[in-house]
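**Student:** There's a structure below that I have some questions on.
The values are calculated or read from the model by the stated rules, or taken from the named source; none is laboratory data. If you're wondering where the values come from, they're calculated on a predicted model, not measured in any experiment. As a convention, Cβ positions derive from the backbone with ideal geometry for all residues, glycine included, and neighbour counts pool all protein chains shown. What goes into the accessible areas is simple: the full protein's heavy atoms, side chains included, and nothing from ligands, DNA or RNA. Shrake-Rupley method; radii C 1.70, N 1.55, O 1.52, S 1.80 Å.
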Amino acid sequence: MRNDQRGIILRYELKDLKLFLAIVQAQNLSAGAAKMHMTASSASYRLKNLEYTVGGELFLRTSKGMTPTAAGEVLARHAKRLLAGVEAMHTELSDYSSNLRGSIRVLANSSSLNGFLLPSLARFLTGNTGINVDLKEKESLKISSEIEEGVADIGIGADLEPLPSLERRLYAQDRLVCVVPADHPLARAPCTSFEETLDHDLVSMQRASSNFLFLSNQARLAGKAMKVRVHVHNFNATLYMVQAGVGIAIVPASIAGTVAGQGLLAALPMTDAWAERTLHLVLRAETGDQSMLVRQFADILLDDPQVVEARQSHSG
């Protein structure tokens, strides 16, 4: 709510802002309305009221869908931050009602999530009952912008975009490797390239995972298709399928280390430059009680012995 130049108080309903963002994401009024469990006519009425409040159109309507106008882009940016702040407020207040000391929202790509973060969080949370963590997997390309917009407090991923409003700190070093059964033709090779793996049957993480999204984009850039025989829900299932002979897989070295060390699978280094994965941790550069909690928790994640070892072994 604010005063515009005419002295009129502008009021924005949270439900209208949520509807607006749903339409932006879907690029369609009916689809956005359905996401909000509203009828299209009700959504249209609310959108018209919102545009009246703003004083201009928020969407360009074309045959390809609805895209935000310049005013719509401004509203979308501020609405994301506002709604993220409201969610954070609700989270903090609910924590006080449960005698909790804090709640942290974390985004992580599949490599950092499964190779480092899950073991780190398990060790920390078992001994610290005053902290709750809302953990979600996210593609690395989107993490920095979502931290900047206030969608989450801490982001960890590969080669995260450096933004002026964020602090970016080295988290760990990892690399992608190709895991193959011991009797696979590639098992005798000292290394392999991603393009060479595309000639073989593959086992992959589920389609929505950051690992699959990254690899499918690399396959697109190489001009070849991934011959995925099965999509599975985590890296343990991926390694199981590879060991059973279903296909080969591209996974982080931090994941493949144990089974490769036992001789169950061969882990081949990848010759592609992008296989080297520099994992960063990002958080917003701001002050306040919640920011202090986020900063302290970031230090805890960075100081985890396994993570520190991953940084030191690579630099050494």
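**Student:** Here are some conditions: (1) open to solvent by 30 Å² or more (accessible area, probe 1.4 Å); (2) modelled with pLDDT under 90; (3) within 20 Å of Leu82 (Cβ to Cβ). Leu10 meets all but one. Which one does it not meet?
**Tutor:** Every listed condition holds for Leu10 apart from (1).
**Student:** Could you grab me the full set of residues in the range 13-25 that are open to solvent by 20 Å² or more (accessible area, probe 1.4 Å) and either without any contact (Cβ under 8 Å) to a residue 24 or more places away in the chain or outside any helix (DSSP H, G or I) (or both)?
**Tutor:** Once the filter is applied, which keeps residues that are open to solvent by 20 Å² or more (accessible area, probe 1.4 Å) and either without any contact (Cβ under 8 Å) to a residue 24 or more places away in the chain or outside any helix (DSSP H, G or I) (or both), the range 13-25 yields Glu13, Gln25.
**Student:** Ok, one more. I'd like to verify a number: residues in the range 177-209 that are hydrophobic (A, V, I, L, M, F, W, C) and either part of a helix (DSSP H, G or I) or under 18 Å from the mean Cα position of the chain (by Cα) (or both), how many?
**Tutor:** Taking the range 177-209 and keeping what is hydrophobic (A, V, I, L, M, F, W, C), we get 177-180, 182, 186-187, 189, 191, 194, 198, 202-203, 205, 208.
Those left that are additionally either part of a helix (DSSP H, G or I) or under 18 Å from the mean Cα position of the chain (by Cα) (or both): 186-187, 194, 205, 208.
Number satisfying all stated conditions: 5.
**Student:** Going residue by residue through the range 210-231, is there one that turns out to be of a type in the set (A, V, I, L, M), touching a residue at least 60 places away in the same chain (Cβ under 8 Å) and surrounded by 15 or more Cβ atoms within 10 Å (Cβ to Cβ)?
**Tutor:** Looking for residues that are of a type in the set (A, V, I, L, M), touching a residue at least 60 places away in the same chain (Cβ under 8 Å) and surrounded by 15 or more Cβ atoms within 10 Å (Cβ to Cβ), one finds at least one in the range 210-231, hence yes.
**Student:** In addition: Quick check on the range 254-262. Is at least one of its residues touching a helix residue (DSSP H, G or I) at 6+ places or on another chain (Cβ under 7 Å), open to solvent by less than 40 Å² (accessible area, probe 1.4 Å) and modelled with pLDDT of 90 or more?
**Tutor:** So far as the range 254-262 goes, no, none of its residues is touching a helix residue (DSSP H, G or I) at 6+ places or on another chain (Cβ under 7 Å), open to solvent by less than 40 Å² (accessible area, probe 1.4 Å) and modelled with pLDDT of 90 or more.
**Student:** Just need a number here: residues in the range 172-213 that are modelled with pLDDT of 95 or more and within 30 Å of Arg295 (Cβ to Cβ).
**Tutor:** 0
**Student:** I want to confirm something. Restricting to the range 128-165 and keeping residues that are hydroxyl-bearing (Ser, Thr, Tyr) and either buried (at least 18 other Cβ atoms within 10 Å of the Cβ) or touching a strand residue (DSSP E or B) at 6+ places or on another chain (Cβ under 8 Å) (or both), which single residue is farthest from Arg207 (Cα to Cα)?
**Tutor:** Step one: of the range 128-165, the residues hydroxyl-bearing (Ser, Thr, Tyr) are 129, 140, 144-145, 165.
So of that shortlist, the ones also either buried (at least 18 other Cβ atoms within 10 Å of the Cβ) or touching a strand residue (DSSP E or B) at 6+ places or on another chain (Cβ under 8 Å) (or both) come out as 140, 144, 165.
Working: Ser140: 15, Ser144: 22, Ser165: 31 Å.
Step by step, filter the range 128-165, then rank; the result is Ser165.
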